[in-house]
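The next block holds one structure in the form of structure tokens; read it before the comments.
The values are calculated or read from the model by the stated rules, or taken from the named source; none is laboratory data. Bear in mind that the values here come from a model prediction, so they are computed numbers and not experimental data. Don't worry about glycine lacking a Cβ; one is built from the backbone with ideal geometry, like all the others, and counts go over all protein chains shown.
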Amino acid sequence: MGRAVGALAATLDFVRCFVAGSVALGYGAEFFERATESARGVARLGYARDVALEPSPLGSEGPLLGAAAVAWRVAP
């Protein structure tokens, strides 16, 4: 995940990526540390070198809330 986020950060110019869902949050701090390290190794452009993956403040409900928001927008 870190490598993918690093490539996207270099392409889309963002420095924070929030990760939600029970699987990612279940791995804890070690997951976020390693994923951030991996992302920074890929994002070599100056503006993307400080990219970080962080747990979503929405917790494990983040993906469900995101799906609901998309459904709300596309519903006729």
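Quick notes on this one:
- Residues within the stretch 26-66 that are over 11 Å from ALA10 (Cβ atoms) and among the basic types (Lys, Arg), tallied: 1
- Filtered by the rule that a residue be in contact (Cβ under 8 Å) with a residue 40 or more places away in the chain and either farther than 13 Å from MET1 by Cα or in a helix (DSSP H, G or I) (or both), the stretch 12-32 gives a lone residue, GLY21.
- Any hit, the stretch 33-45, residues being part of a helix (DSSP H, G or I) and loosely packed, with under 12 Cβ neighbours inside 10 Å: no
- Looking across the stretch 46-64 at every residue that is part of a helix (DSSP H, G or I) and more than 13 Å from the chain's Cα centre (by Cα), the one that is modelled with the lowest pLDDT is identified as SER60.
- In the stretch 25-43, the residues that are in contact with a helix residue (DSSP H, G or I) (Cβ under 8 Å, 6 or more places away or on another chain) and over 11 Å from LEU53 (Cα atoms): LEU25, GLY41, VAL42, ALA43
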